[in-house]
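Let me begin by presenting the structure, written as structure tokens, before commenting on it.
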Amino acid sequence: MPVLAGWAKNSGKNVKFKEQQAGFAHHIDWQQGLGSTMEYSEQMSNSLAARLRAGNRAAAAELVDIYYRQIYIFMRRLGHDSQTSEDLTQDSFIHAWQHISQLKSGKTLNGWMYQIAANVSRLYWRRHKGGGAVNIDGMDLPAGGESGNDKTANSEQVSRLKKAVAELPVKLKQAVVLHYLQHLTIAEAAEAVGVRNGTFKSRLNRALETLRSQVDF
């Protein structure tokens, strides 16, 4: 078993995260977290990338610690069930290890890791066309402080929004999940799906227009 796959198999998965952006993002207050994310300086990221390219086992463990939960939750938010998400997360780290020489610097680490995960997810859907409904359990409802009718109304709205996101075309759903839920910058998210920044922004705008036509937010 490759080094990264070994560590990935033993990593945990459940933490909490709250998205707090205006407009659309205000209503995507879904409480599944991004994991024990470590804020890396550019120097530290470059060091990690260099050690990964050199085949350093400690660096491999570090990469899994940083990204396992993020990638697992990314898979869940793309509509994969829990078991499939675990499998695809492990596959993502296997692919990362196999293509570690393509990691150019720490600056590109975030987008590079998500690019691999997005490709793994895309290949899965391609192989399983018509294989079942998209799973939306990975998009947890908010645990807000509202009470009574307000809380019920908000939960119903978020449920509609979750369903609408799940039903978006793959490219538009990826745009929403990467930028609003995984908190990637436009540049990182564009790199993750292999398009220019302008193309990614266009996909994001199209996704939001589609969602606004279905859900009042």
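The values are calculated or read from the model by the stated rules, or taken from the named source; none is laboratory data. In this text the structure is predicted, and so the values were computed from the model without any measurement. Here the Cβ positions follow ideal geometry from the backbone for every residue, glycine too, while neighbour counts run over all protein chains shown.
A few comments on the model shown:
- Yes/no for Val195 being of a type in the set (Val, Ile, Thr), closer than 24 Å to Met75 by Cβ and part of a helix (DSSP H, G or I): no
- Taken across the range 193-208, residues that are of a type in the set (S, T, N, Q), buried (at least 16 other Cβ atoms within 10 Å of the Cβ), modelled with pLDDT of 80 or more and within 28 Å of Leu109 (Cα to Cα) do not occur at all.
- Residues of the range 66-100 that turn out to be under 19 Å from Val177 (Cα atoms) and among the acidic types (Asp, Glu), as a count: 2
- Some residue of the range 120-141 being in contact with a helix residue (DSSP H, G or I) (Cβ under 8 Å, 6 or more places away or on another chain), aliphatic (A, V, I, L, M) and modelled with pLDDT of 95 or more: yes
- Taking the range 1-104 and the helices (runs of 4 or more DSSP H) fully enclosed by it, the elements with 1 or more residues that are at pLDDT 55 or above and over 18 Å from Ala175 (Cα atoms) are at 3-9, 42-53, 57-77, 82-98.
- Near pairs, Cβ below 9 angstrom, 6+ apart or cross-chain, from the range 56-71 (free of Cβ contacts under 8 Å to residues at least 60 places away in the same chain and buried (at least 24 other Cβ atoms within 10 Å of the Cβ)) to any residue that is among the β-branched types (Val, Ile, Thr) and not in a helix (DSSP H, G or I): Tyr67/Thr37
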